[in-house]
Each structure stands twice: as structure tokens, then as C-alpha cells.
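Novice: Before anything else, here's the structure in question.
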Amino acid sequence: MMAGIVIFSLSASWLIPVLLLLSALTAFFLHRHWLSFLLFFSSLGWIISLADRPALPPDDIFEKKAFWAADVTDSHLTSAAVRLTVTISSCDSVSISSFACSVLIPAVADRFRPGDRVLFRSRIVNPAYGGDLPDENSFNPTFSLDGIYSQAYVSPDDITVISSHNTFRRTALDLRDCLRDLIYRSSLCSGAAWFLSATLLGDDNALDPSLRQQFREIGIAHYLALSGFHVGIIALIASAAFFPLRIWSRFGRMRHIAVIAVIWLYAFVCGLSPSIVRAAVLISIFLLARIIQRQSSPYNSLCVAAVMILAFSPRQLFAPGFQLSFCAVLSILVFAPRFNPFPRRASLKYKLMEFITVPVAAMLGTCLITVVHFHRIPLLFLIPNVILAIMLPLLLSSAVILMFSVALGFQPDCLCRFIDFIYNSIINLCATMSSFEHTEITGFFLPPMTVVFGAVALFCLALALSLKRRIYVFLSCLSTALAIFFSLFKEGFPEAELFITRQPARTDIVIRDNNSALIVTTAPRRYHSDISARLSRRYSDYLARRGCSDSLIVTSDNFTLPSIHRRGSYIIFGNKILSLADAHTLLDSTIHINYLLVTRQSGTAPWTVVTAAQPDTVIISRDTPPLRASRLIDSCRTHSIPAIHLIDAPFHLTLQYQAN
């Protein structure tokens with residue numbers, strides 16, 4: 001099925017599933033049943049991907065400002081904005097073909113819920129472009145995985161809820177909000193309440209971003225995202241709660257059904273993410289096998305979980321969360337028992353050693369995926385993983401007891417102090433370990449062949465440990481050597497680069513000269529620190545790959561770099577001169593300007609500045625009002641002056657290519 005999904009991502013031709021089905025039928029009649037089985041499910045994966053292909057928005061709706069009616073399917077609240085996923089079905093009261101859209105509202109308001117029908121006025125834009133800078137961290141990959149090919153920026157005053165109706169997602173969020181309120185009504189400190197809301201219920205809106213960064217640096221960020229570890233804790237709590245049912249010999253095994261119901265209720269409340277569904281399926285199959293007194297296979301259970309998730313959402317195959325979740329479990333099943341030096345019959349020693357072998361096996365199985373998607377490897381993952389594997393079950397179990405107590409009208413202050421103590425211990429541990437130098441290695445950008453041979457090396461290592469054959473040890477070592485060999489070939493980059501980004505409310509110029517990088521922006525000085533922090537995160541991969549500092553500095557003064565200089569409104573880039581058109585600054589007529597950048601700050605008559613500057617090319621930023629931009633483009637065409645509008649394409653300059 002995975003092969004069929006991958007094939008569909010490469011080609012959507014109907015000839016492919018027809019050939020696969022014919023080949024499957026031929027293999028069946030030739031009594032090659034396994035080959036027939038594989039070919040049939042490959043074609044099934046292709047057909048499921050076709051059925052799940054999202055509807056594309058009409059081409060004529062982009063950059064069109066209108067009133068849009070849409071149904072809210074998901075809502076995510078951040079510290080500065082609300083991001084809605086909606087299905088638009090009407091434009092200016094005229095029905096159109098439905099399509100998904102991401103709506104960003106710059107306001108902190110939790111008044112939009114799944115199931116609401118909203119009416120908003122905005123311009124729909126296309127997020128399909130690859131970003132303004134290479135290696136840019138953006139929402140575009142997430143959009144494509146969610147089937148979203150349009151987005152809109154909406155003022156809080158331009159959107160309203162016109163009707164509401166209940167949906168499964170809305171019901172799940174309402175249940176989660178009720179449970180979260182039980183935590184908030186207790187006497188816990190605010191930090192502990194926010195932490196429990198994230199690690200127990202998956203509501204991480206109030207979680208401190210600095211805490212996320214600390215968890216990421218020391219390799220325990222997976223504890224903040226709900227996974228099989230959390231589901232396992234809930235299953236153990238439910239098993240303990242229903243254990244008295246075991247006294248009835250006839251119905252003793254039926255307590256497992258109650259545990260399964262609790263697990264799926266928990267998965268429903270937490271949003272049915274792939275990691276949660278995977279764990280729920282694994283535990284459900286294990287308990288069903290207990291009920292019918294059959295032995296379950298963890299590998300078969302893992303495959304059933306993957307098939308269930310991909311059958312409903314085949315695009316999840318390309319999501320980092322899906323890949324990390326399933327590779328981690330598969331790696332634990334393959335490597336953890338074989339890394340354990342104690343036999344299973346030495347039960348206590350074997351289980352204690354699992355606190356070390358399980359995180360090591362999980363890290364081994366997910367290291368390549370982590371590097372490919374996040375370009376970093378944590379170095380201090382083992383110690384905090386072992387400690388949190390002990391402390392987090394105590395914390396979450398106590399939180400469940402606390403919620404039941406608050407629901408019954410009790411306020412167990414002693415339990416709250418115990419939870420606060422564990423929470424503060426975890427926070428102090430993270431702060432201490434993240435303060436060490438070299439907690440992680442960043443800036444890993446592996447060539448494709450290195451990734452391929454690295455995966456082959458892991459596969460051969462698994463075969464060597466399972467089959468005890470030296471040939472697989474040799475193949476694993478050979479693949480590792482080839483992976484290292486291909487990683488030695490590094491990509492070359494220009495010596496200096498200049499990018500004009502396409503921000504909707506301001507104009508940013510990102511400048512890099514060797515390993516120095518900075519930003520020139522039209523935003524007021526009071527926003528510079530916030531812009532620096534946001535763009536440093538957005539362009540972190542770009543900076544790391546080119547060996548720059550991980551912090552972008554915003555400057556409004558003159559500067560001198562080896563190949564780039566700024567003097568007032570002029571930026572000298574090698575032998576090219578870029579000038580910012582400012583209505584309040586007179587340009588020197590003796591200086592030949594190659595590029596004149598017109599922004600919102602260029603005034604209501606930018607053609608006057610263009611006439612005075614006489615540039616070779618006019619660049620019109622995205623934040624320029626549309627009517628003013630269209631008039632300027634017409635004037636430039638009339639006078640045969642090349643004009644570039646940044647809505648259509650980004651702009652960049654490069655200088656002197658050299659190999660790093």
C-alpha cells in the first residue's frame with residue numbers, strides 16, 4: 001500500500017493501477033500468491049491516494065478580494081494569532097466548487113470552533129511557491145499534507161460566525177476543554193497546569209516556547225507530543241481501575257473491552273493523531289487477543305495500524321510525525337530486545353535495562369528521519385529519556401487522579417504539591433541539561449545518496465542481529481562507509497546573496513555575505529526584535545547550511561561587509577546598486593541605480609521617484625497597495641522600464657560562486 005501511495009505521488013496516470021491489477025491477476029493464476037497480494041495492495045494504495053486527492057481551488061480566485069463563506073474544520077490558537085482550516089463553498093454569495101483554505105487571523109481569540117460557518121472578507125493567495133529563501137522553514141509542506149492549496153490573511157473585524165452545528169471534531173474539543181478546565185480549577189501552579197494540558201490532553205497552546213526548545217535540544221521533545229507512551233500510561237491506569245472485574249471468572253476477560261473503550265475515548269479527545277491511533281490499534285489488538293485467547297504479533301499489529309491510518313489519509317505517509325512514530329516502534333521491536341544483555345527470564349534485570357535499550361533503539365531507528373526533516377541530532381538524549389520515562393508516568397497518573405477528584409468537588413492540595421514537585425524537577429532537569437554546551441549537533445544536510453545508504457545500513461544491521469549472519473554485518477559496514485563517502489561531497493554556495501522577501505505588511509531584505517547575515521526592513525524600529533526572532537526561526541536552516549550565526553540581526557544603519565555595503569538608501573551589492581524608493585529622501589542623480597525598490601513607504605506617487613532615479617529595473621514589493629502597484633506597472637510599460645512585481649515571483653541577487 002505504501003508503494004502505491006509513493007507511485008501516485010510520482011504519477012497519477014490510470015495506466016499504472018491497471019497494469020498493477022493485471023499483473024496481480026496474472027501472478028494469482030501462476031500460483032504466485034504473495035506476489036499477487038503485493039501487487040494488488042500496491043494498486044489499492046494508488047486508488048486510495050486518488051480518492052483522497054484534495055480539490056484544487058479555481059485559478060481565477062487568487063488575488064481576488066471578496067466575501068467568502070466557509071465551514072471551519074480545524075482551529076489552532078497560538079500566542080499571537082488564530083489559524084483556521086476552512087472549506088470555502090461560496091464567493092460573494094455565489095456557490096463555487098469547495099476547496100480547503102488556511103485562514104490566519106492576527107488576534108488571540110478562541111471564538112472559532114470546528115463546525116462553525118464563517119463569512120470573511122479577504123484576498124485568497126496561493127501558498128504553493130517554494131518560499132523566498134532556499135531551505136526556508138514555512139507552512140507549505142504542512143499545507144500540502146493537509147490538502148490545502150490556498151490561504152488568506154483576515155482582519156479580526158472582517159470575519160464573523162454566521163451559524164454553528166455539532167461535528168465529531170467539535171465534540172472532541174468540547175470534551176478536551178472540560179478535562180482541561182478540571183486541571184485549571186485545581187491549585188496547581190500555572191506552569192504545571194499548562195504542562196499537563198499539553199502532555200495529557202494534547203492542548204499545547206499555552207506551553208512556553210522556550211520549554212519546547214529545551215526539550216528539543218536534549219532529545220525529549222517527543223514527550224510533549226502525544227504518542228504511544230502516553231496511551232500506554234492511560235491503558236495501565238484503566239487496567240488498574242477495572243482490575244476488580246477479574247474476580248468474576250466468566251466475565252474477567254471482558255474488562256479488556258472496557259480498557260479498549262477508554263483508550264479510544266482518549267484517542268478521540270486528543271484528536272486521533274497518527275501516533276495516538278497507532279498506539280490505540282496496537283493495544284486494542286493485544287487486548288482482543290487476550291479476550292479470544294490468541295497470541296498477537298506486534299509486527300502484524302503495527303502493520304494493521306499503518307493500514308488503518310493510510311486508508312483514511314494516505315498523505316500521512318509523507319508526514320514526519322507518521323514516519324517518526326512508526327519507525328521508532330519498529331526499531332524498538334527489532335533492536336531493543338537484541339541490545340538487552342539480560343535474558344527475558346531475568347525479568348527484573350531485563351525490565352530495568354529496557355530503560356536504556358528502548359530509547360537507544362528508538363533513536364537509532366529515527367536518527368535518519370530526524371536529520372532529513374530537522375537537520376539536527378541531540379547528543380544528551382539518553383539520561384533525560386531514562387529520567388522522564390520514570391517521572392512522567394507518575395506525573396500523568398497523578399493528574400488523572402487529580403481530575404477525578406476535582407470533578408467530584410475535592411481539592412487535594414497534597415496531590416497538587418506532589419505534581420508541582422515533579423513538574424519543577426522536570427523543568428530544572430531540562431534547564432540544567434540544555435545549559436550544557438554542545439547538547440545537539442545542528443546543520444546536518446545529508447545528500448540523498450547518504451540517506452539511501454544509511455537506511456540500507458540500518459536494514460542490514462537489523463538482519464545481522466536477527467539472522468546472526470556475517471554477510472549482513474559486512475553489508476551494513478559497507479553501506480555505512482558509502483553513506484560517509486557521499487556525505488563528504490558538500491554543496492557549493494554563492495559568496496554573497498540578497499533576497500527581497502514577500503511579506504504582506506512590510507518589506508524585508510535578507511543579506512548574506514559569507515558567514516555574516518542581516519536584515520534590512522521597512523518596519524518601524526519597535527518591531528525589530530520581534531522580526532529578528534521570527535525570521536531567525538524561519539530561516540534557521542538557510543543560515544545553518546551556509547555556516548552563519550543562528551540569529552539574524554535587523555539593522556537600519558549603514559554597514560560594511562566584504563562584498564556588500566549600505567550607504568543611506570543605497571545598498572551596493574558587488575557592482576550592482578539597489579536603492580530603496582523613499583518619498584522623503586532625495587536620490588543622487590549622479591549615481592546609476594540598477595534596481596529601485598518601491599514599497600508602501602515610497603508614497604502615493606512612486607512614479608515621481610522612478611522618474612528622478614532613472615533605474616534600469618523597478619521592483620515593486622508585495623506590501624505596495626494593489627491600485628498603486630498596477631498604476632506604476634502601467635507607467636513603467638509605457639516608458640519601457642522593466643518592472644518586477646514581487647507577488648508574481650521573489651527577487652534575489654547572487655555574487656561569485658565558490659565551493660564550501
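Nothing in this text is a laboratory measurement; each read-out follows from the coordinates by a stated rule. As the structure is a prediction and not an experimental result, all values here were calculated from the model. Cβ coordinates were reconstructed from backbone atoms using ideal geometry, including for glycine residues, and neighbour counts include every protein chain displayed.
Novice: Round to the nearest 10 and give me the degree value, 0 to 90, for the angle of helix 347-374's Cα axis relative to the longest principal axis of the chain.
Specialist: Here the helix axis deviates by roughly 20 degrees.
Novice: Same structure, new question: What whole-number volume per residue, in cubic angstrom, does the convex hull of the C-alpha atoms of region 319-378 give?
Specialist: So the per-residue Cα hull volume is 71 Å³.
Novice: If I model region 2-51 as equal point scatterers sitting on the Cα atoms and use the Debye formula, what is log10 I(q)/I(0) at q = 0.15, 0.21, 0.31 Å⁻¹?
Specialist: -0.34, -0.62, -1.07
Novice: Could you pull out every residue, at least 5 positions away or on a different chain, whose amide H is within less than 5 Å of the one on Asp116? Hs are placed 1.01 Å off N in the peptide plane, and Pro or chain starts have none.
Specialist: The list, which skips near neighbours in sequence, is Val72, His165.
Novice: In whole Hz, with x marking every Gly and Pro, tabulate ³J(HN,Hα) for region 611-626 from phi via Karplus 6.51 cos²θ - 1.76 cosθ + 1.60, θ = phi - 60°.
Specialist: Once rounded to whole Hz, the list reads 4, 6, 7, 6, x, 6, 9, 9, 10, 9, 6, 6, 7, 5, x, x.
Novice: Quickly rank 155-161, 305-311, 173-179 as a protection proxy: mean count of other C-beta atoms within 10 Å, highest first.
Specialist: For the peptides 155-161, 305-311, 173-179, the packing ranking is 305-311, 173-179, 155-161.
Novice: Can you work out D for region 59-165 in µm² s⁻¹ from Stokes-Einstein, where Rh is the Kirkwood radius over C-alpha pairs, the temperature is 37 °C and the viscosity is 0.692 mPa s?
Specialist: So the translational diffusion coefficient is about 233 µm²/s.
Novice: Simple spin-label model, 7 Å along Cα-to-Cβ: Ala533 to Met449 in nm?
Specialist: The modelled label-to-label distance comes out at 4.4 nm.
Novice: Please report the net charge: other residues with Cβ closer than 10 Å to the Cβ of Asn340, K and R +1, D and E -1.
Specialist: +3
Novice: Over region 180-320, what lengths in whole Å, largest first, do the semi-axes of the equivalent ellipsoid take, defined as the square roots of 5 times the eigenvalues of the alpha-carbon gyration tensor?
Specialist: 30, 22, 12
Novice: How large is the helix-only mean residue ellipticity at 222 nm for the chain, computed as the sum of -39500 (n - 2.57) over DSSP H runs with n ≥ 4, divided by its residue count, in deg cm²/dmol to the nearest 500?
Specialist: Theoretical 222 nm ellipticity from helices: -16000 deg cm²/dmol.
Novice: Something else about it: Provide the net charge surrounding Pro447, with neighbours chosen by a C-beta distance below 10 Å and charges set as Lys +1, Arg +1, Asp -1, Glu -1.
Specialist: 0
Novice: Viscosity 0.890 mPa s, temperature 25 °C: give me the Stokes-Einstein translational D for region 493-658 in µm²/s, with Rh taken as the Kirkwood radius over C-alpha pairs.
Specialist: Translational diffusion coefficient: 151 µm²/s.
Novice: What are the principal axis extents of the Cα atoms in the chain, in Å, biggest first?
Specialist: 96, 65, 58
Novice: Take every Cα-Cα distance within region 281-422, group them into 10 Å bins from 0 onward, and report for each bin the whole-number percent of pairs it holds.
Specialist: 10, 25, 33, 25, 7
Novice: Oh, and also: Tell me, Tyr149, Tyr527 in order of fewest to most beta-carbon neighbours within 10 Å?
Specialist: Tyr527, Tyr149
Novice: Of all DSSP beta bridges located in region 493-658, what percent are antiparallel, nearest 5?
Specialist: Beta bridges within region 493-658, antiparallel portion: roughly 70 percent.
Novice: Here is a follow-up. How much length is gained on full extension from Thr432 to Asp181, taking 0.36 nm per residue of separation minus their Cα-Cα distance?
Specialist: 87.2 nm
Novice: Just grab the label-to-label distance for Thr608 and Thr638, each label 7 Å out from Cα along the Cβ direction, in nm (one decimal).
Specialist: 1.6
Novice: Give me the one-decimal Kirkwood hydrodynamic radius in Å for region 609-656, with the sum taken over alpha-carbon pairs.
Specialist: About 11.6 Å, per the Kirkwood formula over Cα pairs.
Novice: Related question: Amide H of Thr521: which non-local residues (sequence gap of 5 or more, or other chain) have their own amide H closer than 5 Å, using H built in the peptide plane?
Specialist: Distant-sequence amide H within range of Thr521: Ile509, Thr555.
Novice: So, R0 is 30 Å and r is the distance between the beta-carbons of Ser405 and Met254; what FRET efficiency does that work out to, to 0.05?
Specialist: 0.60
Novice: Now for a separate question. Using each residue's phi in region 30-41, evaluate 6.51 cos²θ - 1.76 cosθ + 1.60 at θ = phi - 60° and report the 3J(HN,Hα) Karplus result to the nearest Hz, with x for Gly and Pro.
Specialist: Listing the rounded values in order: 8, 6, 9, 5, 5, 5, 4, 4, 5, 5, 5, 6 Hz.
Novice: Roughly speaking, what is the stretch gain from Tyr299 to Ser155, that is 0.36 nm per residue apart minus the C-alpha to C-alpha distance, in nm to one decimal?
Specialist: Residue separation times 0.36 nm, minus the Cα-Cα distance, leaves 46.9 nm.
Novice: Tell me which residues come under 5 Å, amide H to amide H, from Val82 once H is placed; ignore anything under 5 positions away on its chain.
Specialist: It is Ile105, Ala107, by chain and number.
Novice: Same structure, new question: Grab the Cα-Cα distance for Leu488 and Leu465, subtract it from 0.36 nm times how many residues apart they are, and report the gain in nm with one decimal.
Specialist: Separation in residues times 0.36 nm, less the Cα-Cα distance, equals 5.4 nm.
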